[in-house]
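K.L.:
After the structure tokens below, expect a handful of questions from me.
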Amino acid sequence: MRFFVSMFSLLHVLCVINLDAQDNVWLKMPCNDCGGARFHDVEFATPDSGFVASSLILYRTIDGGRSWTKLERDDLTRSGIGAISFINGHTGYAGGKELLKTTDSGESWISLKDVSGEYTGRHISRLQFISSGFGVAVGDGSLVVYTRDGGLTWRLGSSGCGTCRSVSIASDTVAYIAGTTQAQQVEAIVERQRKSGQLWSPIPEFISAGRLLLQSAMTTLGVGRIWVGGNRLQQQSRFNQHLVFSSDTGKTWNQPSTVLPAPVTAIAFVDSLMGFVGDEQGDIYRTADGGFTWAREYKGNAEQPIKDIAIKGKTIVAVGDYSLILRRSELVSVAEDVPTNRPTLRLYPNPTTGAVTVEPGPGPAQLFVVDVLGTVVMQLLAESKTTIDLSAFPPGMYRVIAQTSSAVRSETVAVVR
């Protein structure tokens with residue numbers, strides 16, 4: 001029998017084997033009185049103080065996720081908490097059948113009666129705030145409510161997603177929501193709102209790319225970079241992935257080189273280079289190159305799918321079904337991270353004042369130039385050795401990534417003046 005293993009496949013397998021041997025970087029944490037709770041949202045107000053939401057109960061940690069206790073409160077149980085988000089270490093919101101607010105780090109919660117009646121019969125599934133006071137809550141029945149004053153007043157938005165499953169606020173003027181349409185429950189839709197009005201406008205460019213996903217998770221890096229994960233559809237020919245991303249606010253979409261074998265259900269990034277995804281099989285994958293390649297870091301099981309991942313400072317926690325709470329024992333920045341064994345790219349001169357010669361290796365390669373914010377600032381196809389001009393970009397550090405049919409190689413280049 002003949003076996004053929006491409007260089008890329010071999011490198012991917014080696015990375016997976018190496019990281020699988022280090023499953024103990026993710027440790028299961030104890031949770032008092034959790035029973036078989038199905039956790040679906042985790043949020044940290046500070047690196048030490050955090051909350052996990054099940055359908056009826058909130059659980060709390062004050063030691064960075066190492067131990068958890070149940071919040072015995074009738075108002076939380078009555079509300080059926082679906083999501084939680086904090087503006088700062090003291091002020092946060094929880095959403096379910098109604099919206100609740102805390103100003104004392106979760107010690108007490110009050111109901112926001114002025115908005116709760118606006119969506120009677122519907123349920124909030126995701127909620128996010130940023131420090132400016134811009135907050136968005138989404139849920140079933142095309143539910144979108146938002147505030148721009150830290151929750152003092154709320155307004156209903158108009159959305160096209162039949163079941164809104166995710167929200168990600170990119171800035172104080174741009175937010176994204178995603179979910180499935182009412183007409184076709186297997187078609188994903190991403191919509192975007194700007195500060196000027198309450199209508200959420202679809203991103204037309206996503207519809208064709210998004211048909212592959214029964215959308216489950218989304219995050220953004222800055223205003224332009226969007227990550228969407230879910231369950232791919234077999235009839236989609238353009239993508240074979242459970243994860244797609246855009247670096248230009250949805251104008252074009254790409255997929256990672258590493259094929260993720262199961263539907264992606266959670267996405268979280270530390271910075272523009274390091275990120276984590278969780279899937280329906282209970283596995284967690286990690287990237288250190290901005291999401292172009294991924295390696296499995298935790299091997300779980302399908303009975304405990306990963307539902308959400310939260311990062312605060314150097315604290316990172318993942319949660320899932322049947323009381324699953326995982327804590328990563330150590331989280332370092334990309335600058336401190338242990339280098340991967342992936343071969344580097346040959347490029348010169350480095351540093352450069354503009355022109356850079358790139359040798360991507362055998363065969364044609366797709367070249368990406370990525371800035372420190374994780375934005376793809378240049379993209380081109382190179383048949384062989386080629387020269388790219390970076391003189392139009394500000395001085396600083398850039399990452400050049402070459403994606404071929406057999407491997408992904410990258411190298412950092414400094415632009416100086």
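What follows is calculated from the coordinates using simple rules that are stated; it is not laboratory data. What you see is a predicted model; the values in this text were computed from it and never measured. Quick reminder, even Gly has a Cβ in these numbers, built from the backbone with ideal geometry, and neighbours come from all protein chains shown.
K.L.:
Evaluate the distance, in nm, between pseudo-label points positioned 7 Å from the Cα of Arg60 and of Asn350 along their respective Cα→Cβ axes.
P.N.:
Between Arg60 and Asn350, the simple spin-label model gives 5.0 nm.
K.L.:
Quote the charge dipole size of the stretch 346-415 about the Cα centre in Debye, to the nearest 20; the model charges only the Cβ of Lys and Arg (+1) and of Asp and Glu (-1).
P.N.:
With Lys and Arg at +1 and Asp and Glu at -1, about 120 debye.
K.L.:
Please report the projected area of the stretch 346-415's Cα convex hull averaged over all directions, in nm².
P.N.:
The directionally averaged projection comes out at 4.0 nm².
K.L.:
Give the shape of the stretch 252-314 as rounded, prolate or oblate, defined through the alpha-carbon gyration tensor: a ≥ b ≥ c are the square roots of its eigenvalues, a/c under 1.5 means rounded, and otherwise the shape is prolate if a/b is larger than b/c and oblate if not.
P.N.:
Since a/c reaches 1.5 but b/c is at least a/b, the shape of the stretch 252-314 is classed as oblate.
K.L.:
With both bridge residues required to lie in the stretch 346-415, what share of the DSSP beta bridges run antiparallel, to the nearest 5%? Each step should come with its number before you reach the end.
P.N.:
Details: 26 of 27 bridges.
The antiparallel fraction comes to roughly 95 percent.
K.L.:
Local charge sum around Leu58 (other residues, Cβ-Cβ under 9 Å, Lys/Arg +1, Asp/Glu -1)?
P.N.:
+3
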